[in-house]
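Asker: Supplied in structure tokens, the structure appears directly below.
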Amino acid sequence: MDLRITIVPVGKIDPSEVEAAAVRLARILNKAVTLRQVTPVPKAGDDPARGQHVAGPFLAELRGQLPRLPVAKIVGTVAAPDPTGTPAAATADAAVFVTDVDLYKPQTDGVFGDIDTASHVAVISVRRLREPFYRRKADPVKARTRLVKLALYVLGRARGLPECTDRACALFTTTSLPDIDMKPEKYCASCWRRMTTGAYRI
Ligand SMILES: [Zn+2]
């Protein structure tokens, strides 16, 4: 079964930063990854007093826009033409929005992102993946690696996979930066199988 993954840059984030992560994802998954054109930061969830957006409404508004967002580029393995004639990029099994806007959920200071399992979409904020957020020197390579690992996590969850108990799996629980840093950029064998066969698809 093919696995169609879409990545969408949101707001002022540098599209080349998102593309670099998409290329890496395509290599890890051995699948083509579709990049959509940059879309503006949605109004939904805006909380000017906190300088953040509420993750749930933010993701819901983006999800509604997804079918209309034009394809910018397809990176990685180019998929064979679909015999039904549907353009490969028109549909997605999972989509991830990547923004530099800081997100939070009620009762939190901030979150790395949010997942809508029913719609197979997720959002990641790179704000808390960047060293300067913690008053440390910028490290773009580290930030990109974190983005790739978090993308593997949210893609799995968006496809309906549960968290994994294997610490050496991208689907191991992710609540803090050390959780992300200690994980490898890959799934364990069992999550890989579920991910690529769609065994957990809802
Ligand atoms: Zn696993």
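Just so it is clear, none of the values below were taken in a lab; they were calculated from the coordinates. All values derive from a computational prediction rather than experimental measurement. Here the Cβ is made from the backbone with ideal geometry for all residues, glycine too, and neighbour counts use every protein chain on show.
Asker: Okay, helix-only estimate at 222 nm for the chain: each DSSP H run of n ≥ 4 adds -39500 (n - 2.57), divide by all residues, round to 500 deg cm²/dmol; what do you get? Intermediate results must be reported in sequence, preceding the final value.
Answerer: Details: 5 runs with 60 residues, N = 202.
So the calculated ellipticity at 222 nm is -9000 deg cm²/dmol.
Asker: Can you list the lysines whose alpha carbon is less than 26 Å from that of residue 31, not counting same-chain residues fewer than 8 positions off?
Answerer: The qualifying lysines are 73, 142, 149, 183, 186.
Asker: In region 1-83, what % of DSSP beta bridges are antiparallel (nearest 5)? Don't skip to the end; give the middle numbers.
Answerer: Values: 6 of 10 bridges.
Close to 60 percent.
Asker: Using a 7 Å offset from the Cα along the Cα-to-Cβ direction at both residue 179 and residue 44, what is the distance between the two label points in nm, to one decimal?
Answerer: Reported label-point gap for residue 179 and residue 44 is 2.4 nm.
Asker: Hey, got a sec? Which trypsin sites (Lys or Arg not before Pro) in region 1-59 land in a DSSP loop and have at most 13 other Cβ atoms within 10 Å?
Answerer: Taking region 1-59 and a limit of 13 other Cβ atoms within 10 Å, the loop trypsin sites (Lys or Arg not before Pro) found are 12, 43, 50.
Asker: Find the relative contact order for the chain and round it to a whole percent, using C-alpha pairs within less than 8 Å whose residues are 6+ positions apart.
Answerer: Working: 390 pairs, mean separation 39.5, N = 202.
Reported as a whole number, the value is 20 percent.
Asker: Would you mind checking region 96-126 for residues with the amide N under 19 Å from a putative spin-label position 7 Å along Cα→C-beta of residue 37?
Answerer: Counting only backbone N, you get 96-99.
Asker: For the chain, what Kirkwood radius comes out of the mean inverse Cα-Cα distance, in Å? Please report the intermediate quantities before stating the final value.
Answerer: Working: mean 1/r = 0.0589 Å⁻¹.
With all distinct Cα pairs of the chain included, I get 17.0 Å.
Asker: Would you look at the GNM of the chain, springs on alpha carbons closer than 10 Å, and say which of 72, 92, 55 moves the most?
Answerer: Looking only at 72, 92, 55, the largest GNM fluctuation is found for 72.
Asker: Nearest 5 percent is fine: what portion of the DSSP beta bridges confined to region 95-134 is antiparallel?
Answerer: Working: 5 of 10 bridges.
So the antiparallel bridges amount to about 50 percent of the total.
Asker: Quick check on the chain: of the DSSP beta bridges with both residues there, what percent are antiparallel, nearest 5%? Please list the in-between numbers first.
Answerer: On the way: 11 of 29 bridges.
If we restrict to bridges inside the chain, about 40 percent are antiparallel.
Asker: Sticking with this one: If you stretched the chain out fully between residue 12 and residue 139, how much longer would it get, using 0.36 nm times the residue separation minus the C-alpha to C-alpha distance? Mind dumping the intermediate values first?
Answerer: Numbers: separation 127, 0.36 × 127 = 45.72 nm, distance 1.87 nm.
Additional length available on full extension: 43.9 nm.
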